[in-house]
Every structure is written in structure tokens, then in C-alpha cells.
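Peer 1: If you scroll down you'll find the structure; I have some questions about it.
Laboratory data are not the source of any read-out in this text; all were calculated from the coordinates shown. Nothing here was measured: the structure is a model prediction, and the numbers come from that model. Counting neighbours? That spans all protein chains shown, and the Cβs are built from the backbone with ideal geometry, glycine included.
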Amino acid sequence: MSKFIFVVGGVMSGVGKGVAVASIGRVLQSKGYAVSAIKIDPYINVDAGTMNPTEHGEVFVTEDGDETDQDIGNYERFLNTNILSDNYMTTGRVYESVIHRERNLEYGGKCVEVVPHIPEEIISRIVRATKKADADIMIIEIGGTVGEYQNLLFLEAARMMKLQNFHDVLFVLVSFLPVPSKIGEMKTKPTQYAIRTLNSAGIQPDFVLCRAAYPLDEVRKQKIAISASIFLDHIISAPDVDSIYEIPINFEKEKLGEKILKQFGWSPKTGVWNLNDWESLVSVIQSANDVVKIGIVGKYFKTGDFVLKDSYISVIEAVKHACWRLNKKPVIDWLNAESYEEDKNRLAELSNYDGVIIPGGFGARGVEGKILAIQYLRENKIPFLGLCFGMQMAVVEFSRHVCGLTDAVSGEFCPNSTTPVIHIMPEQVQNIRENRYGSTMRLGAFPCVLDERSICYNAYGEKQISERHRHRYEVNNVYRDILERHGLLFAGISPDRRLVEIIEIPDHPFFVGTQFHPEFKSRPNAGHPLFNAFIEAAINRVCRGMLF
């Protein structure tokens, strides 16, 4: 019988449930168990694909083409395994399934009700995902914060699962303990109220992970344990850390894995199971001093007076993984594409970076700024990596300033252009015409054949690769000949030679654009081949700078 761990959040959003789930999973893996994870988003959206990145964060794409919450990416990185579409659900997805079944008379004429039929659908999805993943332990993150209306039905499903399988289900509350600056004392009362609110849903947490700026002391552990009727050693300190990759090590110090297994009546398996590789990773992270400066030119990171890094979280982590592999310390700066449109003189700041990335995106805002940045990077021989939209804008820039196609543009924001070097994929035309936007892009893993003369071939070390996509537009094959004649190398092509997947400029230190998203497959202990090659080129730029 598989075991189930439900993880819920208390006091505030952004408390760290996703990395807590990933870290608990990594610790339990180190005890010899097969672990998988599910993310539940309480939104009516059927998937994350139509959500604004500045509101919800990055859309993470799975191997089988699901558009999911960014926490799925954390699960993949920490557990070093692919998480598939069965492991992601939303309120909209659940209701859609129930309504579809009702329309097909699959309820046998019963009155279909919110309770119990919606929680039953949630439970069936959890069980199905667990079987498909062949998991000993499934960890389920319920999005949102305890006390919100949106996640009540998911809590009800969790309560029902506990009732049906008492010894196979446990609950973890990740809660925040503030330290008000004018008081200077860590406060437990908000967490106590979060626990009581969870109690009102019929759920008693088995463990509380206490998120705070500082480690939790015994006095506060006792306060929470006594007020909430929780074992003292199940109150776990989870202080802020410099890197999320330190969290499994901290949990291991608190013996969280062993305590969870004991609650289930299990023990760590015998054999070579440990966190040695993870400890080595953390050691590198903490000791790396040689800096590599990377700029990211984007538009999805400003939200009022604050920067939302979550919009590009997989890109950020991929840069870190590649740097750590070479014992380097990444320093990442956010560069607003629109600022270059307002003042071209600001482009000179790009010379301060060892490498620059232009990630994915949609729409016309900031486009000309990105094109100006790409031109500067190309002409000044600064390592450049363009991802999806970034690659498309590189083709536009090359077309305008090298091929002489001054009106070159993407059909995405200029549908009536006479020079659409980037145009909509033919199979997508009908989707746009009929306003079918959800889950209709080219999504998931597709093969790509590499040119043996390319940087990418040397990076991957193999002729055919598979990478994850999320796009509607592509390089217009009408212009491939003129682009090639002027020196653009189509370094990666779909096996049927219909789609351009990678472009390069051979006489540049590193000028690579990919139609796919390599960041989704990067792992902490390895690094993605393309990001590894990009960071190596950036380090070479550092060395050249030192020589001259």
C-alpha cells in the first residue's frame, strides 16, 4: 500500500510549500523509497498555460506536454525524475472531468453534487497518479493558504482519504512565524490560528514546518506543540537559507525523513541510500567564489515596485546548475527590454556581462528592445543564448541587419507583414481563428537532429536529441535560403526537416537560439548541455577580459 503526505500552507502565500515538498521527497528518496509528487492549483483555470507569468510565475511544461505550475519544475529538479500530467490538477480540471462524466451518464442518473463527487474525483486522480508513477510515497501539495475558500474541496478530499486509510495518510503544515521589526520577537500566534483553521476542516497536522527568518527555539516549539496537540519533535525548524538546495540537508539534520517513516510504520531501507551527492552539491554552492555575471533581458519580472523572479525560475536554476558544475558563483541581473527602446545608450551595459540570455515570452511589448540587445550582443561578440521567443527575435535581428530584410518581423505581432521571417505554424491557424488558446500550442517533448558542425552537437555529444516545446510560431521556411547564405547555421532541425529548432552564428564565440526550452530539463547535479556550453563560453569571456 502506498503512503500519502498532504502538504498545506499557513499564514501567507509563498511560504515555500513547493520546495518543502521537493525537499521532503528528496530526503525520503535517500531512505530508499520511490517518491513522486502532485501539485494541486485551486484555480478555475484548466491548466497554467493561460495564466499571466507576473501573477502566477513560470509555466512549466512536462515531457507529455502539460502546462503546469512552476512547482512541478522543483519536483523534477529535486527528485531527478520526470513528473507527468497526471501529477497536476486544478479546480477547473477536476470540475471539467466531473461535468464530462455527468453528461455521459457515468453517474447512473444520480444527482451530482459538489460533495462527495468533487472530492471523489480528486481522490481518484491522486490514486491514478500514484499507480502510474509506481510510487511508494506520494506527496501532494495543496496550493493556496489554509483559510481560503478556494482549496476547501481539496482539503475535504484529503480528510476523506485520511478517514479511509488512517495509517497511510499524514499531513504537513508549512507555516510562517513572523519577527516584527519593532517587537524583535518571533511570534507563534499566526501559526496557532492556521492550525486551528486546518482543524476546522477536519484535519490535524502531524508535522509543522516552521518557516522563519531564524531557527526555531525550544520555547516556541513547545508553544506550538502544546497549543496544537502535536508531538514536540514533530515541530520542525525551517529557517531561511541562502539556497533552496540546502533545505533537504536541514531536514535531514532534524531527522524529518525518519520521523515520517516511523509515523507510517516504516524504516529506512538497507543499502547505499544517503544524501552524499546532495551534500557535495551544497558544498560547491557554499564555497564557489569565482563570479560569472549573466544578464537576463525580459519583461515578465516587474510587479509594481518588486521583481518577480518566478517568471523565469527554470532559466535561473539552469544557469546556477551550469555554474556550480564548474565551481563558479552565478550573479544574475534583470534587464528590462523596454528600457533599451527608451534609451539606446543603455545597451552599453550589456558589455558588463559575461553572457546574456533572452528567454521566452509572448506579444509585442519590449520586442524592439530585445532586437536591439541581440544586435549589440552579436556585433560585440558577447555570448548569447536565446530561448524560444529569444531565438525568434534573433532570426528577426539577423534578417534585418545582416540579410538586408529591413521589414523583417514576426507574424505574431504583425500578421499582415510583407516579410514575416517568423510565422504561425500552419496547424495553429485554425486554433487562433476560433480563439482556441488553452493547451493548443506545440507542447511537450519533440526530437531534433543536430548538425555535426555545430556548437550544440559538441555540447550534447549526440546526433538526435529530445527537448520540450511551447510555441505557436516558427522560422518561416521561405527565408531559410537567404538566412543560410548570409551565415546563419540551422544547427538543429526536426527529423522531417520541416521545423528549425536551433540557430547558430559560427564565427561568434557563442550565439545560439533554440525554439525549445532546454531549461526545463536541467538538473542540480548535472546541468543542461546547452547551459553548460553557454556558461563555459561566458567563463572564456571572463578569461579574455583578464588577459587584455
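Peer 1: Run through the DSSP bridge list for region 3-274 and note the antiparallel percent, rounded to the nearest 5. Spell out each step's value before the answer.
Peer 2: Details: 2 of 33 bridges.
Bridges in region 3-274 are about 5 percent antiparallel.
Peer 1: List the residues whose amide H sits under 5 Å from the amide H of residue 414, counting only those 5 or more places along or on another chain, with H placed 1.01 Å from N in the peptide plane.
Peer 2: Those qualifying (amide H under 5 Å, at least 5 residues apart or on another chain) number zero.
Peer 1: So how much slack lies between residue 13 and residue 231, counting 0.36 nm per residue of separation and subtracting their Cα-Cα distance, in nm?
Peer 2: Here the answer is 75.9 nm.
Peer 1: Give me Rg over Rh for region 280-401, both radii from the alpha carbons and Rh done the Kirkwood way, two decimal places.
Peer 2: Expressed as Rg/Rh, it is 0.99.
Peer 1: Looking at the P(r) of region 1-105, how many percent of alpha-carbon pairs lie beyond 22 Å?
Peer 2: Numbers: 1941 of 5460 pairs.
So the portion of pairs separated by more than 22 Å is 36 percent.
Peer 1: Using helices alone, I'd like the mean residue ellipticity at 222 nm for the chain: each DSSP H run of four-plus residues gives -39500 (n - 2.57), total over residue count, nearest 500. Display every interim value, and only then the final one.
Peer 2: On the way: 19 runs with 204 residues, N = 548.
One gets -11000 deg cm²/dmol as the mean residue ellipticity at 222 nm.
Peer 1: Apply 1/(1 + (r/R0)^6) to the Cβ-Cβ distance of residue 64 and residue 407, taking R0 = 45 Å, and write down the FRET efficiency to the nearest 0.05. Before the final figure, lay out each step's value.
Peer 2: On the way: r = 39 Å, r/R0 = 0.87.
With a Förster radius of 45 Å, E is 0.70.
Peer 1: Just to be sure I understand the model, the point goes 7 Å from the Cα along the line to the Cβ. What's the resulting residue 484 to residue 417 distance in nm?
Peer 2: Here the modelled spin labels are 2.2 nm apart.
Peer 1: Let me ask you something else. Convert each backbone phi in region 27-42 into a coupling constant with the Karplus relation 6.51 cos²θ - 1.76 cosθ + 1.60 (shift: θ = phi - 60°), then list the ³J(HN,Hα) values in order as whole Hz, x for Gly and Pro.
Peer 2: Here the 3J(HN,Hα) series is 5, 5, 4, 5, 9, x, 10, 7, 10, 9, 9, 10, 10, 10, 9, x Hz.
Peer 1: Here is a follow-up. Suppose the Debye formula is applied to equal point scatterers at every Cα of region 3-274; what is log10 I(q)/I(0) at q = 0.07, 0.08, 0.11, 0.15 Å⁻¹?
Peer 2: -0.24, -0.32, -0.61, -1.14
Peer 1: Taking loop as defined by DSSP and a crowding limit of 14 other beta carbons within 10 Å, which GluC sites (Glu not before Pro) in region 61-112 fit?
Peer 2: On the way: sites: 63, 67, 76, 96, 102, 106; in loops: 63, 106.
The qualifying sites are 106.
Peer 1: Still on this structure: With θ set to phi - 60° and the Karplus curve 6.51 cos²θ - 1.76 cosθ + 1.60, what are the ³J(HN,Hα) couplings of region 143-158 in order, to the nearest whole Hz, using x for Gly and Pro?
Peer 2: Taking θ as phi minus 60°, the curve returns x, x, 10, 3, x, 7, 5, 4, 9, 4, 5, 6, 5, 5, 4, 5 Hz for region 143-158.
Peer 1: Still on this structure, I have one more. Which chymotrypsin sites (Phe, Trp or Tyr not before Pro) does region 198-281 hold that lie in a coil by DSSP with at most 15 other beta carbons within 10 Å? Please report the intermediate quantities before stating the final value.
Peer 2: On the way: sites: 207, 231, 245, 251, 264, 266, 273, 278; in loops: 231, 266, 273.
Those that pass, being in a loop and sparsely packed, are 231, 273.
Peer 1: Quick one: Kirkwood hydrodynamic radius for the chain, alpha-carbon pairs, angstrom, one decimal? Don't skip to the end; give the middle numbers.
Peer 2: Values: mean 1/r = 0.0400 Å⁻¹.
Here the Kirkwood hydrodynamic radius works out to 25.0 Å.
Peer 1: Quick check on my link table: of 162/189; 293/320; 221/253; 39/329; 344/521; 17/320, which ones sit more than 23 Å apart, alpha carbon to alpha carbon?
Peer 2: Numbers: 162/189 27 Å; 293/320 11 Å; 221/253 16 Å; 39/329 31 Å; 344/521 35 Å; 17/320 21 Å.
Violating the 23 Å Cα-Cα cut-off are 162/189; 39/329; 344/521.
Peer 1: Amide H to amide H under 5 Å from residue 38: which residues, 5+ apart in sequence or cross-chain, H placed 1.01 Å off N in plane?
Peer 2: 139, 140, 141
Peer 1: Continuing with this model, one more query. Given a cut-off of under 8 Å on Cα pairs at least six residues apart, what relative contact order in percent is computed for the chain?
Peer 2: Values: 1081 pairs, mean separation 80.6, N = 548.
That works out to 15 percent.
Peer 1: Report, for the chain, the % of DSSP beta bridges that are antiparallel, rounded to 5. Numbers along the way, then the final one.
Peer 2: Values: 24 of 75 bridges.
Of all bridge pairs located within the chain, approximately 30 percent are antiparallel.
Peer 1: Using R₀ = 56 Å, calculate the FRET efficiency as 1/(1 + (r/R₀)^6) where r is the Cβ-Cβ separation of residue 463 and residue 434; round to 0.05. Spell out each step's value before the answer.
Peer 2: Working: r = 39 Å, r/R0 = 0.69.
About 0.90, to the nearest 0.05.
Peer 1: Here's a follow-up. Loop sites only, by DSSP: take the trypsin sites (Lys or Arg not before Pro) in the chain that have at most 12 other C-beta atoms within 10 Å and name the longest stretch containing none of them.
Peer 2: Values: sites that count: 110, 182, 269, 436, 453, 463, 497, 498.
Between exposed loop sites, the widest span is 270-435.
Peer 1: I would also like to ask the following. Roughly speaking, what is the centre-to-centre gap between region 218-286 and region 356-434 when only Cα atoms are used, to the nearest Å?
Peer 2: Region 218-286 and region 356-434 have Cα centres separated by 47 Å.
Peer 1: May I pose another question? Take every Cα pair under 8 Å in region 3-274 that's 6+ residues apart, average their separations, divide by the length, and report that relative contact order as a whole percent. Provide the component values of the computation, followed by the final result.
Peer 2: Working: 469 pairs, mean separation 71.7, N = 272.
Averaging sequence separation for qualifying contacts and normalising by length gives 26 percent for region 3-274.
Peer 1: For region 111-127, what does the Karplus curve 6.51 cos²θ - 1.76 cosθ + 1.60, with θ = phi - 60°, yield as ³J(HN,Hα) per residue in whole Hz, taken in order and with x for Gly and Pro?
Peer 2: Along region 111-127, the couplings run 6, 7, 10, 4, 10, x, 5, 5, x, 5, 5, 4, 4, 5, 5, 4, 5 Hz.
Peer 1: How long is the gain from residue 342 to residue 540 if the chain were fully straight, where each residue apart is worth 0.36 nm and the alpha carbon distance is subtracted? Can you show the working numbers first?
Peer 2: Working: separation 198, 0.36 × 198 = 71.28 nm, distance 3.17 nm.
Between residue 342 and residue 540, full extension yields 68.1 nm more.
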